[in-house]
Amino acid sequence: MFYREAGQFKTTYQSDGQIFPIRQDRIALAGLLVLALAVVPLFASPYMLSAILIPFLIFSLAALGLNILTGYCGQLSLGTAAFMAVGAFASFNFIARLPGVPMLLAFVLGGLCAAMVGIAFGLPSLRIRGFYLAASTLATQFFVVWCLTKIPYLTNYSSSGVITAQKIVIFGYQFDTPASKYVLVLAIVALMALLAKNMIRSNVGRSWMAVRDMDVAAEVIGFRPMRTKLLAFAVSSFYCGVAGALYAYAYLGTVEPEAYNLDLSFRILFMIIIGGVGSVLGSFLGAAFIVLLPVFLNILAHGLSLPTSVASNLELMVFGALIIFFLIVEPHGLARLWQVGKEKLRLWPFPH
């Protein structure tokens, strides 16, 4: 869409019936990215980088992958951690069994393996939907973890199943400090988020949203549901696979099946529910909320001197209450609240 202002044509987007230039958002995003790349590594402590910022970015990427499948294509999935595990273990085996393979290529190949698994387990989506599809993807979680624990070849014949991840070496440079790992993860997440944003704005994204809204009508107007759904499963699983590889190499430092349990799948699902289903920004907001909330609750529990029994279950109670709140009060999550607040600030102090 284009409109004319001051003798120039500007690319715009429309929100709530109003037209805004995209150029402003791009400038703000570029400035934020430069700030995150140049300033944060200089002033953030190693604890903040390794315990907060790196997992926040990795979970944002995994939530973005789930949002592509659930938020934009309407296919409910509970097997996100399984696809992350496939990406992590595939990357480990490519590096261990193919000497000289570049680390970034191993991450991509791990993502492609996760995409193939996603396509295989996405086939039931052609016949079932809703909670039945969720149960089908839940089977993916148990099947993948079972394979990783019962097939010794996948864990390099480790007796405990816990494998130390190889050092991250790219173009001869070793990423061994929290700051260097943070910069690497940030660069990968920013690139993949930009690709996802452009993909959603393309004909592929429109086909996903058409199938999500009404698959029968989408088929009538020319979209092929089979190809559209399987493509969504493939892209989503690829993103989750890359996130799983980063989770093992840049955060945990180990590759183990227990790190990708069902609890992780639900945590990523909570991220898109709280952040905003069908929103790229919501994936980042939800991940930030889920990562930072336990830190604040821990500080609150110590400050109020709460009993240990209450403090240990406080996080679960708050998560449950917040999910119910967002599902009832604001189904579009934090992304919608951010958009409303930004609009009010733009019009303030003259709301009329």
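Considering the chain as a Gaussian network with a 10 Å cut-off on Cα pairs, which listed residue, LEU322, LEU49, LEU269, attains the greatest mean-square fluctuation?
LEU322
Normalise the Debye intensity by I(0) for segment 199-352, one equal point scatterer per Cα, no solvent, then take log10 at q = 0.12, 0.13 Å⁻¹ and round to two decimals.
Taken in order of the listed q values, log10 I(q)/I(0) reads -0.75, -0.85.
Quick one: which residues, 5+ away or cross-chain, put their amide H under 5 Å from the amide H of THR254? H built at 1.01 Å from N.
So THR254 has HN proximity to ALA165.
Let me have the relative contact order for the chain, percent, based on Cα pairs under 8 Å that are six or more residues apart. Could you put the intermediate results ahead of the total?
On the way: 507 pairs, mean separation 93.8, N = 352.
Relative contact order comes out at 27 percent.
Students sometimes get this wrong: rank ILE268, ILE188 by accessible area, probe 1.4 Å, all chains present, largest first.
Details: ILE268 0, ILE188 30 Å².
So the residues, ranked largest to smallest area, are ILE188, ILE268.
Straight-line reach only, C-alpha to C-alpha below 25 angstrom: list the lysines that LYS167 could link to, leaving out same-chain residues fewer than 8 apart.
Qualifying lysines at Cα under 25 Å: LYS181.
Bins of 20 Å, beginning at zero and ending with the bin holding the largest distance: percent of Cα pairs per bin for the chain, please.
Histogramming the chain at 20 Å steps yields 28, 58, 14, 0 percent.
Tell me the volume per residue, in Å³, of the convex hull enclosing the alpha carbons of segment 87-144.
Details: hull volume 4.3 nm³, N = 58.
Spelled out: Cα convex hull of segment 87-144, divided by residues, is 73 Å³.
Based on DSSP loop calls and a cut-off of at most 14 other Cβ atoms within 10 Å, the longest stretch of the chain free of exposed trypsin sites (Lys or Arg not before Pro) is what?
Numbers: sites that count: ARG127, LYS167.
In short, 168-352.
With +1 on each Lys and Arg Cβ and -1 on each Asp and Glu Cβ, and nothing else charged, work out how big the dipole of the chain is about its Cα centre, in Debye to the nearest 20. Please report the intermediate quantities before stating the final value.
Values: 22 positive and 13 negative charges, 163 e Å.
In debye, rounded to 20, the chain gives about 780.
Compute log10 of I(q)/I(0) for segment 67-221 with the Debye formula, placing one identical point scatterer on every Cα and leaving out solvent, at q = 0.16, 0.17 Å⁻¹, to two decimals.
So the normalised log intensities work out to -1.05, -1.13.
Ordering HIS302, HIS332 by accessible area with a probe of 1.4 Å, largest first, what comes out?
Details: HIS302 140, HIS332 110 Å².
From most accessible down to least: HIS302, HIS332.
Out of TYR157, TYR239, TYR249, any idea which swings most in a Gaussian network model of the chain, alpha carbons joined below 10 Å?
Ranking TYR157, TYR239, TYR249 by mean-square fluctuation puts TYR157 first.
List the lysines whose Cα sits under 28 Å from the Cα of LYS344, skipping any in the same chain fewer than 8 residues away.
Excluding near neighbours in sequence, the set is LYS10, LYS197.
Keeping all protein chains in position, work out how much accessible area LEU76 exposes to a 1.4 Å probe, and write it in Å² to the nearest 10.
Surface accessible to solvent at LEU76 totals approximately 50 Å².
The values are calculated or read from the model by the stated rules, or taken from the named source; none is laboratory data. Small disclaimer: the values here were computed from a predicted structure and weren't measured. Note: ideal-geometry Cβ built from the backbone for every residue, glycine included; neighbour counts use all protein chains shown. Surface accessibility is based on the protein's heavy atoms, side chains included, excluding ligands, DNA and RNA. Shrake-Rupley method; radii C 1.70, N 1.55, O 1.52, S 1.80 Å.
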